[in-house]
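These notes are about the structure you will find just below.
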Amino acid sequence: MAKSEAEGGEQSDDKKNGSKKDKKNKKSGQERRAFAKPGALARSIKISAERDERRAKNPNAPVDRYGNDAAPKVVAVIGPRRSGKSTLIRSLVRHYTRRKVGEVLGPMTMVSGKKRRLTFIEVSDDLSSIIDAAKVADLIVCVIDAHYGFEMETFEMLNIAAAHGMPNVMGVLTHLDKFRDGKQLTKVKKRLKSRFWAELYDGAKLFYFSGLTTHEDYLSREVLNLSRFISVTKYKVVRWRSEHPYVLADRVEDMTDPSVGKAEDRTVAAFGYVRGSSLRLVNGSWALHVAGLGDLRARKVDVLPDPCPPAQGGYDHPSAEVKKRKIGDKDRILYAPMSGEVDGIMYDKDAVYINLPDARFSERPEDGNKDDGTGDPGDRGDREGESMVKDLQKVEVGMDELKKQQQMSILPGGVPVASGRFFDDQGEEDDGVEESEEEDSDDSQRQSDEDEDVNRKSSVSDSEEEDEEEEEEEASGEDYAETKWKELQLNRAKRKQWTQLGLARYIYGSAATADDEQVEENAEEENEEDEGDFFTKKSTDAEVDDDRDLSRVLILATNWSRDEDACSELKQRRFATGSGIDGDEDEGDEVYGDFQDVETGEKFENGAGEDDPEGSESLSDLDEEELQKRREEKKKQFDAEYEDMKTDTQAKPHENVQQVDHERRLLNEKRTDLLSGVDEATRQAIEGILPGRYVRVELENVPVEFIQHFNPRYPVILGGLQRGDEKKMLIRSRVKRHRWKRGVLKSHDPIVMSIGWRRYQTAPVYSIEDPNKRQRFLKYTPEHMHCYATFWGFPAPPSTGLVACQSLGRSIKGFRVGAMGTVTDVDVQFNIVKKLKLVGEPFVVHKNTAFIKRMFNSELEVNKFVGASLRTVSGIRGTIKKALRPGASDSTPCPPGAFRATFEDKLLRSDLVFLRAWVPVDPKEYCSVATTLLEAKLGTRDETNSWRMRTTRELREAKQLPIPTNTDSLYKPIERETRRFNPMQIPKKLEEALPYASRPKQMKKKNPPKRLNMDRAVVMEPEERKEYHLMQMIGTVKNERVQKRKVAAKERLAKKRKELAKEEEKHQMGETKRRKQRYITEGLKQKKDRENS
């Protein structure tokens, strides 16, 4: 029984499996048709190609030449007011650094991994802040209040980010704890996610933050999920940022001299990381554009130690080569200088203040904790550290004063060197060597006494050596000091002429003349004299050559014309045309050296053709067969290389990308090897300040309003300028008005453009391109179409994104982004024309000639349009021939501007003549840089802004002026008089010759028959009046009955039609079912017939 059941089960399984196999075979074999899956092969090829394309990188994408994490990545947290931006940043800071932060102000840099750092900035709903953040942000975290829904600021941010490179975007839904119903919460999440995906792309990351903890932070698990996605994000390389340097200032200070008046321009120092490309000198100066402030010049740019180095790596971190398995608490650094006090550290001016309250260090009883050894050594150490911290807190003198009083002895027993002389603002030396040394010795004596009192550790041997040194210095005498001081000044003057030492040595040699040797000897003597001075000021390139172009090298004070040998040697060694100048062919051979013949591959050594009899054979000595062999070998080699190249081009996309990456890597390695042996100053002059360096930029001539109204909530971006970026030119761009912008954009109306680092107001002219490549003027932007905008502004490379908005404030309600587009061309002139229709009327008409008036105002205007084509309303074409002079004919007076024209046919005096012409339209040369950082409060009404020009509409609203009306532009009723045509006159002779049917029948009108006067009054008798009223009442009753019958009939008809419609619908449903059943039956019957046949 069991066996039979098992066999039955196996049979059933085989039956099932067999049925599947039969279906599969049937589907793949007999039932396959050519039309079963059309295009399946093409689709599979397309899918595989798309898969390979997605896996491969874009070889044409911008190249990140300086490493993926040279500087901290910028994460911009953007959202409307009260959406949870500050709470989100505080939660992320607590997750990354284990620290609590109070108020979030300015950029906050922190360590997020072994080699990764992040800079968080909170962006308000101000349009200027959103634009600036979109230009520098590597990742945008969009905070959305789920209880309220999407707000206008969110969509504005997404559109602005898309125009400026579209960095990575993540969404965070907050205030989800306000939903009490779970079903409603699910619906809201689904609806917001679908809308967020529709605006970005399907699969965009959206995180849900359910609520706050008791510490007013988001849940740690939700913050952890967000931080994990941030840490694994692959950041895009935006072309504009990769080609231009910029600095996001995380610290701004006023460095103006106190003697300068409060109303004068200030000197401001901005601190931040260099991002993008290398920061270089432009025309011998640091040219920068501060977004919202304007173009400024930096006095100097200094590279500072990294305040927030990564846990592993960094350009100045001591643990750069030490590999760590995890990040310790000491490496979790938080650098937020604008956010007030963070962990008791506050930044002010050039000083850093540490505030440790007394509550952390409570006083302990002195029992058992003295230095007699009775206490616990650990307690002794703790007490010693506490006392050191308290001593630091009790400092009564400023840090600057303490620095000036500091002294240091380099060698044991050496002369102490005071640091006060090196912190002088002017950098000048003291008047005498002896006086400074005496002061230094006195200060060192006093300082050593203080050190003895504090530390109680003095060295008798050191003090005796110092006394001996002082006695020797006093015995030197005053004369020796004066002469030594003069020598130092002379050597320093000669030393200033030695600039760009590496390049000068490369061109002129290390010891070209005796003057060079003398300068070097003087420099060495000065270095020997200054060996005792430890704090020597390092001269940078900006200080040495501030006003000159660094590409020009100052030649050493040497008369090269006297020394002919040295001059000729210099020409031969360093200049390509050196041999041709002196006419010495022998020396030219030494310059060029060996060479190789490209055709034959023959190598010729230096002078082998003439001087060396055993040199290689010349081309004339070779046989024709040898030459033919060499040509065939070269052809084979070329064919092999060509085949390799073909196979490389036919390779898969990712293989080509790997080859491109390999070439880029080789170029980077070669560049690193070439610059490895160059000193730091020369390398910085060649490649600039590399990205990732923390710099201090000292700006000059900054308006005082920037310091007065400075708000750390608004980002300060210092964008590097390149050559030619400060000139103004005409820019043509392809723009499209945003579909949510209310109204249209009008030509010559001022509008704010955001291109590159700049924001400025300009007056664009809109145009559209005709099929014949003509740029036709448009008064307004078209609806749902692209057009061209030509305006006056600062140049930008093609394909640079732009955003246009009418104002940066909130004076305009609704969507603030007016248009978006890209730059297409930059030039000094563009040809834009608009149509001009001139109307004239004939006053003298001949056969095919007419005199036209009221089209022009003078004879000069007519002469400009001689030969132009004319057209009448009826379509008759003509040409302007010649202008008519006033008073040319006595019979017909000619008004000024009249002319003679010829036409295809004779005109009528009532015809109108049109002239269609094209007139050039020039854009206005108006460009005003937006200075939003000088305003008292961003987002105020734009009427208070001095940089912004208001539109005509805004001026009318402000002054309550009515819109002027042009009477000629108003629509008026057209009154046309009825034209009366004269009767046709036929001569009598012709009328007699015509047949009777064609003759006009001129019959006299008959008088109408006379009729009775119907206006007579009828007076009825009383009986007649009663009968008349009775008939009226009977007719009224009859009409009422007829009306009721009609209404009832209409109701019955409508009811009947409804019943018929229902029956027809039921009949159609039944007919559909019957037709379907009939088709099924017929199909089964046909199938059965085919099987039987």
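What the table shows:
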item	result
In segment 959-1003, chymotrypsin sites (Phe, Trp or Tyr not before Pro) in a DSSP loop with at most 15 other beta-carbon atoms within 10 Å	Tyr971, Phe981
Restraint check, Lys183/Lys813; Lys100/Lys189; Lys205/Lys813; Lys85/Lys187, Cα-Cα greater than 32 Å	Lys183/Lys813
For segment 833-920: rounded, prolate or oblate by the Cα gyration tensor [a/c cutoff 1.5]	oblate
Area accessible to solvent at Thr1081, 1.4 Å probe radius, in Å²	80
Cross-link table Lys906/Lys989; Lys46/Lys635; Lys835/Lys972; Lys300/Lys727, entries beyond 27 Å C-alpha to C-alpha	Lys906/Lys989; Lys46/Lys635
With DNA, RNA and ligands ignored, accessible area of Met108 (1.4 Å probe; Å², nearest 10)	0
Nearest-10 value in Å² for the accessible area of Ile333, using the 1.4 Å probe	40
Burial ranking of peptide ranges 1025-1034, 291-300 (average Cβ count within 10 Å, highest at the top)	291-300, 1025-1034
Mean Cβ count within 10 Å, highest first, over the residues of peptides 264-275, 231-242, 769-780	264-275, 231-242, 769-780
Exposure ranking of Arg280, Arg696 by accessible area [1.4 Å probe, largest first]	Arg280, Arg696
Relative contact order computed over segment 833-920 (Cα-Cα under 8 Å; 6+ residues apart), in percent	44
Relative contact order computed over segment 71-236 (Cα-Cα under 8 Å; 6+ residues apart), in percent	25
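The values are calculated or read from the model by the stated rules, or taken from the named source; none is laboratory data. What you are looking at is a predicted structure, and each value in this text was computed from that prediction instead of being measured. Virtual Cβ from ideal backbone geometry, glycine too; neighbours counted across all protein chains shown. Surface accessibility is based on the protein's heavy atoms, side chains included, excluding ligands, DNA and RNA. Shrake-Rupley method; radii C 1.70, N 1.55, O 1.52, S 1.80 Å.
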